[in-house]
Amino acid sequence: MHASDHANTVGSRERKARLRATNLSHRYGSTVALDRVSLTILDGEAVAIMGASGSGKSTLLLVLAGVIRPDSGTVMLHTEQGAVDVAAMADRERSALRLTEFGFVFQDGMLIPELTAAENVSLPLLLNGTGRAEAERTAESLLAELGLGGLGGRRIGQLSGGQAQRVAIARARATNARVIFADEPTGALDSRTASDVLGVLLAATSGQGRSLVVVTHDEDVAARCDRVVRLRDGRIHGGDEASR
């Protein structure tokens, strides 16, 4: 068992690995983005990935989330049905996984402006085949949980930046995903709003036993996570993972 599986606990029970990446390598042409990166993400753990521009942090997030397939290495996802290698899946299988096991929060939210807040949150459920009435109930419940009760009918342009990011968090939670990936989720917000949104994100993910992987350049964001992994030139340097 990985050393980190022993070192971290949720309450009195041992945390288990949710994602385990081993020897990930990836290139864009002659540019090395990832160079034999290994990383374990535990259940209920918030992990910050940091590094300078071009260090490989966004590529690592995209590989872990099955958005792109690495040139080599494995990404084992542990589900209720057993372990699967995300990196070895066909494109259609990885797309399906991103609608069930994974949720996403991006810097600009990547919400659909023509839809209301509730419709944005409902969308992944509808794509999964959930009935419209049930999807709408789930969306309204999540929005209320995240402090947006009564705002489900507003379009994204009628919301503040912080409110829009809460909608994005609700959308990421809609399918009960076990791993949430966030790429600079507070990067476009002022410091006070950023702190509030990060608190909501942590409470809605690791605070409820879900795993959170955050790419960030903000040391304040990283400091509120359970662990920090620092990348340089496609490899892990320093941070809590380097000694494992």
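Every number in this text was worked out from the coordinates using simple rules, so none of it is lab data. Everything numeric in this text was worked out from a predicted model, so none of it was measured. So basically every Cβ, Gly included, is an ideal-geometry build from the backbone, and we count neighbours across all protein chains shown.
For the range 56-133, what's the relative contact order in percent, using C-alpha pairs closer than 8 Å and at least 6 residues apart?
Numbers: 46 pairs, mean separation 16.0, N = 78.
Answer for the range 56-133 is 20 percent.
Arrange the following residues from fewest to most other Cβ atoms within 10 Å of their Cβ: F106, F181. Provide the component values of the computation, followed by the final result.
On the way: F106 18, F181 25.
The fewest-first ordering by Cβ neighbours comes to F106, F181.
On C-alpha positions alone, give me the angle between the axis of helix 191-204 and the longest principal axis of the chain, in degrees, nearest 10. That works out to roughly 80 degrees. In the chain, the longest principal axis of the Cα atoms and the axis of helix 117-127 are about 60 degrees apart.
Using only Cα coordinates, the Kirkwood hydrodynamic radius of the range 139-244 works out to 14.8 Å.
Sequence-distant contacts, meaning Cα pairs under 8 Å at least 6 residues apart, place the relative contact order of the range 81-216 at 31 percent. Taking other C-beta atoms within 10 Å as the exposure proxy, V215, V167, V67, V200 rank V67, V200, V215, V167 from fewest upward.
The modelled label-to-label distance for the pair A90/D35, using points 7 Å beyond Cα in the direction of Cβ, is 3.6 nm.
Placing a label point 7 Å from the Cα of A133 along the Cα-to-Cβ direction, the residues of the range 142-169 whose backbone N falls under 19 Å of that point are 142.
How much length is gained on full extension from L99 to S72, taking 0.36 nm per residue of separation minus their Cα-Cα distance?
Details: separation 27, 0.36 × 27 = 9.72 nm, distance 2.41 nm.
Extending this stretch completely gives an extra 7.3 nm.
Cα centroids of the range 23-75 and the range 172-192: 18 Å apart. Fully extending the segment from K16 to A223 would add 72.3 nm, taking 0.36 nm per residue of separation and subtracting the current Cα-Cα distance.
Calculation over all alpha carbon pairs of the range 72-216 in 5 angstrom steps from 0 returns a P(r) of 2, 10, 19, 22, 21, 13, 8, 4, 1, 0 percent. Quick one: net charge of M50's neighbours, Cβ under 9 Å, K/R +1, D/E -1? Within the 9 Å Cβ shell, the charges total 0.
Over the chain, Cα pairs under 8 Å with separation of 6+ residues give a relative contact order of 27 percent. For the chain, DSSP calls about 55 percent of its internal beta bridges antiparallel. For semi-axes √(5λ) of the Cα gyration tensor in Å, the candidate list reads [x] 40, 19, 16; [y] 29, 20, 18; [z] 34, 20, 16; the entry that matches the value derived from this model is [y].
Ordering D220, D226 by the number of other Cβ atoms within 10 Å of each residue's own Cβ, fewest first, gives D220, D226.
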